[in-house]
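None of the figures in this text is laboratory data; all of them are computed from the coordinates on show. Values in this document were obtained by computation on a predicted structure and should not be read as measured data. As a convention, Cβ positions derive from the backbone with ideal geometry for all residues, glycine included, and neighbour counts pool all protein chains shown.
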Amino acid sequence: MDPVWTTTVLLVPCVVVLTAGFFYLYGVVMGLLSKTSVRNKVVVISDSLSGLGKECAGVFHRGGARLILCGKSWEKLEELADDLANASDPTLTFPPKLVLLDFGDMDSMQEAIQEILECYGCLDVLILNSSMKVKAPAQTVSLQMDKLLMDNNYFGPATLAKGVLPSMISRRTGHLLLVNSIQGKLAVPFRTTYAASKHAVQAFFDCLRAEVEEYGISVSTINHTFISTSASGNSETPSSKSILSFLYTKKPLGVSPEEAATEIMKTLTNKSKEVLIAPSLPKVALYTRSFFPNVFFAVMAAGVNHAAASENM
């Protein structure tokens, strides 16, 4: 047998094993680092009462973070704080601080920002995970609803980020993390205002990233299909009869709060600038939109026409 061939046959399995071992060890190390990356850090969660917000609150609390939990309901915030306290060792964790925050009420934003800054005098991490969704034909969505969506999905997060930036800049450290929809990059029918708000907030933080880099502040965006908690009643799951459903076929229930929270922890540790959590087909749709826009538009229109035809059958 040819010595070169013999050497190749022996080396390939070794290389494969060594490569797999390297990635395994890398994953283990990064997992351990992510668990300690928020210890003693002041972490603000803009919507602690959502499925993702509660999951993040639990993960960060167990990790030893100094949590500031925000939400629209004081009673529910107190319940969440009690749940966290009952499920943790008080000698290893900090009791969360609570702040009422409603992006739908922009007049109250400055007061909420002041309360957040007064909790610890500073903050290290701001998780912007608040979101409001509407699915409807453009002509049926009122201007009032348009404004409400823009307040919740764009003006609210942008105002909060700008409110805490001076504190981060003065300390020359901090991390802003936006949990955004894939529709911040990919617009689909019947989500005109929602997609517009997600595009707007995506652009804001993409611009901000370059502006604050000199101050040692990190800006990350995570784009996902949608956050789901159960198999039933998810309004974001497209109809199986529509071509648009192919964007979600691999993970019909979207991303679980546990998966998203894990990705958030990794992003904070790695300081990744941009993360996309989506199955293959939505990723293909993004590239198609960029390089073959006419094909993408034709597929979107065909999906709408097919859905309309199915409803009339």
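From the phi of every residue in region 91-103, what ³J(HN,Hα) in whole Hz does the Karplus formula 6.51 cos²θ - 1.76 cosθ + 1.60 yield, where θ is phi - 60° and glycine or proline is x?
7, 10, 10, 10, x, x, 9, 10, 9, 6, 9, 9, 5
What number comes out for the charge environment of ASP83, summing +1 per Lys or Arg and -1 per Asp or Glu over other residues with Cβ under 14 Å away?
Numbers: positive: LYS54, ARG62, LYS76; negative: GLU55, GLU75, GLU78, GLU79, ASP82.
Net charge in that neighbourhood comes out at -2.
What aspartates and glutamates could a cross-link reach from LYS266, if we take a straight Cα to Cα line under 17 Å and drop same-chain neighbours fewer than 8 places away?
Hits, sequence-local ones excluded: GLU55, ASP124, GLU258, GLU274.
Can you list the aspartates and glutamates whose alpha carbon sits under 13 Å from that of LYS198, skipping same-chain ones fewer than 8 residues off?
Answer for LYS198, where 13 Å is the Cα cut-off: ASP146, ASP151, ASP206, listed by chain and number.
Going by Cα centres, region 52-98 and region 110-175 are how many Å apart?
Computed from Cα coordinates, the inter-centre distance equals 20 Å.
Filter LYS76/LYS133; LYS76/LYS185; LYS72/LYS283; LYS147/LYS273 down to the pairs with a C-alpha to C-alpha distance above 31 Å, please. Intermediate results must be reported in sequence, preceding the final value.
Numbers: LYS76/LYS133 21 Å; LYS76/LYS185 33 Å; LYS72/LYS283 34 Å; LYS147/LYS273 29 Å.
Over 31 Å apart, Cα to Cα: LYS76/LYS185; LYS72/LYS283.
Within 10 Å, Cβ to Cβ, of GLU55, how many net charges do the neighbouring residues add up to if Lys/Arg are +1 and Asp/Glu are -1? List each step's numbers first, then the result.
Details: positive: LYS54; negative: GLU258, GLU259.
Neighbourhood net charge equals -1.
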